[in-house]
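This report refers to the structure that appears directly beneath it.
The values are calculated or read from the model by the stated rules, or taken from the named source; none is laboratory data. Quantities reported herein were computed from a predicted structural model and do not represent experimental measurements. Quick reminder, even Gly has a Cβ in these numbers, built from the backbone with ideal geometry, and neighbours come from all protein chains shown. The protein model used for the area step is the full one, side chains on, heavy atoms only, and it has no ligands, DNA or RNA in it. Shrake-Rupley method; radii C 1.70, N 1.55, O 1.52, S 1.80 Å.
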Amino acid sequence: MAIEDGLVEIRNKLDDIDNKLLDLLNERMNLVHQVGVIKAQSGGAIYRPEREKSIIDRLEKINKEKKGFLNRSAIEALFLEIFAISRNLELPENIGYLGPQGSFTHQAAEARFGAMSSYVSISSIKGIFKELESKKIKYGVVPIENSSNGIVNDTIGGFSNFNSKIIAEIVLNIHHTLATTCDKISDIKKIYSKDIAFDQCRKFLTNFGLDEVELIPVESTTKAAKLAAIEPNSAAISPHVAAKLYNLPILFENIEDKDNNKTRFFILSDFENLPSGNDKTSILVNLPDTQGALVKFLNDFNDLGINLTKIKSHIVEGNSIFFIDFDGHKDDDNVKKVLEKHKNSIKVLGSYVKEIKDI
């Protein structure tokens with residue numbers, strides 16, 4: 001009986017804390033509403049990644065000083081959701097992502113903007129850039145590169161033809177599931193997925209004898225889950241979120257060949273970030289076709305102490321261009337010097353909080 005009394009006392013204390021948390025969250029949302037009114041009058045951006053980073057950095061520091069139970073990941077998980085709810089109270093705005101619903105890009109969007117935001121599925125990367133330019137959406141989420149398959153050419157093409165700015169990056173660990181209504185592997189006669197997902201799960205398919213069944217490519221892993229949910233003796237290779245969307249039971253988790261498969265996404269909008277102290281800048285570069293042009297260009301970055309983290313060459317509409325990432329913000333003194341020197345060759349895509357050095 002004494003043990004039960006002790007549990008009741010602890011639960012009552014937890015209830016008191018929850019009540020206080022609710023009061024504090026409502027107090028915070030009231031202040032957020034006041035900020036929203038001011039920003040609506042001034043035209044200021046609602047989403048400020050550099051401000052969110054500074055809050056999380058400060059909370060992590062306080063938590064370490066107090067020897068709290070939460071690590072940085074836990075603090076981010078809690079407060080990014082609070083920030084997302086706050087933004088929706090300030091000014092609900094549409095977020096476009098490369099669809100369909102349940103795609104990895106959708107998952108990336110929700111990771112930053114939360115479950116309550118207004119999402120719009122858009123069928124192509126070019127369509128996201130177009131809807132951003134037309135102001136039908138405020139934010140767009142697009143993939144830029146995958147650790148197994150490299151840079152996404154359609155995204156580079158979008159940057160070449162439109163003027164949306166990168167305001168944040170997100171890096172997701174990419175995990176695939178085998179989802180099916182079948183109870184046994186031997187009952188599976190066909191598997192739906194995207195070509196790229198089949199390629200990323202070859203070892204699993206071979207090890208379990210599933211390379212002998214019919215592998216049917218479809219335009220999205222979400223569609224694969226939808227088809228497998230209604231077709232007997234079929235399965236899907238899809239993200240967990242897509243299987244959950246169609247109530248499709250998961251037979252195996254994390255079936256990808258590489259356990260470090262990551263995809264990097266960009267959040268795009270129509271404004272620019274202030275420096276955060278830990279920034280990355282992305283640019284497109286179109287250099288003259290002359291001997292030594294690239295070497296001289298790169299040496300200017302080296303001379304000014306700018307650390308280049310990525311250089312990728314691409315052909316866009318017959319022209320050779322370079323996609324380059326480097327550490328620093330476009331308004332840093334040394335960066336401004338090199339951007340000014342090569343202003344006729346450089347298109348600045350955006351400066352944003354650095355989430356990861358490279359994938």
Only residues that are open to solvent by 30 Å² or more (accessible area, probe 1.4 Å) and either in a helix (DSSP H, G or I) or in contact (Cβ under 8 Å) with a residue 40 or more places away in the chain (or both): list them for the range 89-111, please. LEU89, GLU90, LEU91, GLU93, ASN94, LEU98, PRO100, GLN101, PHE104, GLN107, GLU110, ALA111
Out of the residues in the range 327-359 that are under 13 Å from LEU284 (Cβ atoms) and in contact with a Leu (Cβ under 7 Å, 6 or more places away or on another chain), which is surrounded by the fewest Cβ atoms within 10 Å (Cβ to Cβ)? LYS347
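Given the structure, is ILE188 closer than 28 Å to LYS262 by Cβ and either touching a Gly at 6+ places or on another chain (Cβ under 9 Å) or in contact (Cβ under 8 Å) with a residue 12 or more places away in the chain (or both)?
Values: closer than 28 Å to LYS262 by Cβ: no; either touching a Gly at 6+ places or on another chain (Cβ under 9 Å) or in contact (Cβ under 8 Å) with a residue 12 or more places away in the chain (or both): yes.
So ILE188 fails the test.
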Within the range 168-216, track down each residue that is open to solvent by 70 Å² or more (accessible area, probe 1.4 Å), outside any loop (DSSP other than H, G, I, E, B) and more than 25 Å from ALA109 (Cα to Cα). SER186, ARG202, LYS203, THR206, ASN207, GLU212, GLU214
By residue number, the members of the range 5-25 that are within 34 Å of the chain's Cα centre (by Cα) and of a type outside the set (A, V, I, L, M, F, W, C) are ASP18, ASN19, LYS20, ASP23
Determine, yes or no, whether LYS136 is under 25 Å from GLU317 (Cα atoms) and either open to solvent by 20 Å² or more (accessible area, probe 1.4 Å) or in a helix (DSSP H, G or I) (or both). no
Going by the structure shown, is LEU227 in a strand (DSSP E or B), open to solvent by 20 Å² or more (accessible area, probe 1.4 Å) and farther than 30 Å from ALA77 by Cα? no
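Mind checking which residues of the range 287-312 are open to solvent by 80 Å² or more (accessible area, probe 1.4 Å) and touching a strand residue (DSSP E or B) at 6+ places or on another chain (Cβ under 7 Å)?
Hit for the range 287-312 is LYS312, nothing else.
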